[in-house]
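A short write-up of the structure that comes next.
Laboratory data are not the source of any read-out in this text; all were calculated from the coordinates shown. Since the model is a prediction, treat every value here as computed from it, not as a measurement. Cβ placement follows ideal geometry from the backbone for every residue including glycine, while neighbour counts extend to all protein chains displayed.
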Amino acid sequence: MNDAQNRQNSQQKFTIPRNLLWGGAIAAIVIAFVLFLVIFMSSSETPTAFLVRWKSALESGDETMYKSLWVTNARQRPGTGYQETVRLFRDGVDFEIDLGGASQPYRVPRYTNRFRIEGIPLTVYYPGEAQQQLRNLVIEKKGIIQQRWKIVQEEVVGSEFAPTVSTHPAQQTGMTEQPKGPVAPLVLAWKVALESQDLKAYTDLWDKSARKRRTSIFARAKDLMSQTHIVDLTGARYTAVPRHKNRYLVDNIQITLQNGGDTLETHTRTLTIEKKGFFRRRWKLINDQINVVSDAIALAPEVSGVDTVSGEASGGTFDGNAPLDTHLKVRQVLGKWQEAWEEKDLKTYMTIYSDEALITRVNVRDGKETSVYLTKRQLRAKMRKLNTMYADIQVSISNLQINGDRAVADVKFLQKFTGTPASGSRPAYSDYGTKKLNLMVDPTDGHWRIYAETWSRYEDVPDFPKM
């Protein structure tokens, strides 16, 4: 009896109160959450990428952006270089920075998260003269929960005036800078990664899932990293992709590849950039399309003979305000679309349409229009029925007009449809109409696709084939 009572008393003695258990569980959750913030919310930005942001802040003249790059107490101390640069901002001078001439970032001894970058060539454009400078930067990761690179010191280590230069080169040539949007820093980081042949920095710019989906594209760009890149962003176009929030297309980037001073290849690149991330959304590459320039140049002298759109009077000249390369690409898409229709290749025909495509059929009677709207799925069903109705189909395009830019094209043409029935008891059917197409570059793969189609038919011509 005494033994049983002793065991019962021991159990009661070491019982942990329930409120302590709950308190311990809550404390564990809090600790785990803090560790999560420390590990996953810390910036993965490389020193080179931060350097690009510094360049962007100076060249844009944005004092607020420049201020945000600094450690607060370093900004307030005299002699760190902050006040001198801000004074230049307020005097209205322009900056031009060549990151290619800077040293590689290296770790400062005895400081775990502090790096130094030396010999950054910089030009300060004063009214009537320009000053060549070399600057050094000391940057360090700062922050308790979310660590980011910040400037600790910025020093001018050499300067020389060039009085013959009166203005910034962009002002001398009368150039107007094209709006670049929020993706400009990433594009600059991409340029630096290519020109410095820094494969890790280039890889870090990609969205991981997009890199896996586009293995061949990434592998091609990776292979080229062994060559010297000269990246020209002067003619680059920055276009917000319609119907896709937080997605940009940057095209017409000129690239020259060299090896030992010899030019190996010239091509253009098209970047698709999108904001990615769950907790911290950042701009990431989702495509880096390599386009060979020489192909487009070879086609240009033969424009009058180009007949990528087959059929009657497809047009030897290019009507519309779209750039030449857009004309060529859209005509190729139309040729593929036309051939697939005539060959009854329904699978190829439907791949030219975006999944979001809206198809409109317009009948006009006595000046009144009646419209019917179809989805891509409904169009596929109707085209399948049309293919069984006619043994032979002919589609001709004339009066082709293409307007737009390098990412969007509005296309208009006259279309003649001729269908010969499978049964000899019915005569061939033929009609004319106006077709309008809205094509855009699909950001997922860089291909042109139809996003909207409108076919207009008047009642004074034979009935459109029952589809």
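Numerical summary
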item	result
Within region 195-304, percent of DSSP bridges classed antiparallel, to nearest 5	95 percent
Packing-based ranking, highest mean first, of 105-111, 116-122 given that Cβ atoms within 10 Å are counted	116-122, 105-111
Net charge dipole size for region 195-304 [Lys, Arg +1 and Asp, Glu -1 on Cβ; Debye, nearest 20]	1200 debye
Pairs beyond 26 Å (Cα-Cα), from Lys55/Lys200; Lys67/Lys275; Lys150/Lys222; Lys276/Lys329; Lys382/Lys436	Lys150/Lys222; Lys276/Lys329
Rg/Rh ratio calculated on Cα atoms of region 195-304 (Kirkwood radius)	1.00
Nonlocal amide H pairs with Gln147, under 5 Å, H built at 1.01 Å	Ser42, Ser43
Cα pair distances of region 43-173 binned at 10 Å [whole percent]	12, 43, 33, 10, 2, 0
Normalised convex hull volume, region 184-234, alpha-carbon set, Å³ per residue	78 Å³
Burial ordering of Glu140, Glu63, fewest other beta-carbon atoms within 10 Å first	Glu63, Glu140
